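See below for the structure under consideration.
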Amino acid sequence: MPKIMGVLTHLDVIRNPKTMRTRKKELKKRFWTEVYDGAKLFYLSGLIHGEYLKNEIQNLGRFISVMKFRPLTWKGTHSHVLVDRVEDKKNTN
């Protein structure tokens, strides 16, 4: 099971600070419901000239490198795997 951390992007689309604060809380609550309470959520403010801010990306990289992950309870309670597609990659010449 992969280690999970959320990254919110395109926050520059929301102009009103009160609305942004409300949306962040809603998304964080939903993320915690889906993953686990206290799961880390990182915010990127938006694109400038087609790129994210350099200091935000550096902070995200630093955050990922030192982050400690909790074991997921989902892994223990779901002993099955859902497969969308199986492709045979053998060369049949």
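The numbers here are math on the coordinates, done by the rules we state, and not lab data. This is a predicted model, so every value here is computed, not measured. Every residue, glycine among them, receives a Cβ derived from its backbone with ideal geometry; neighbour counts consider all protein chains shown.
Here are a few things to note about the model shown:
- Taking the longest Cα principal axis of the chain as reference, the axis of helix 17-34 is set at about 20 degrees.
- Using alpha carbons only: equivalent-ellipsoid semi-axes of the range 6-77, gyration tensor based, whole Å: 25, 18, 8
- Here's the list of aspartates and glutamates a cross-link from residue 29 could span, going by alpha-carbon distance under 20 Å and ignoring same-chain residues fewer than 8 apart: 37.
- Relative contact order (%) - the chain, alpha-carbon pairs under 8 angstrom, separation at least six: 32 percent
- Residues 37, 88, ranked from the fewest to the most other C-beta atoms within 10 Å, line up as 88, 37.
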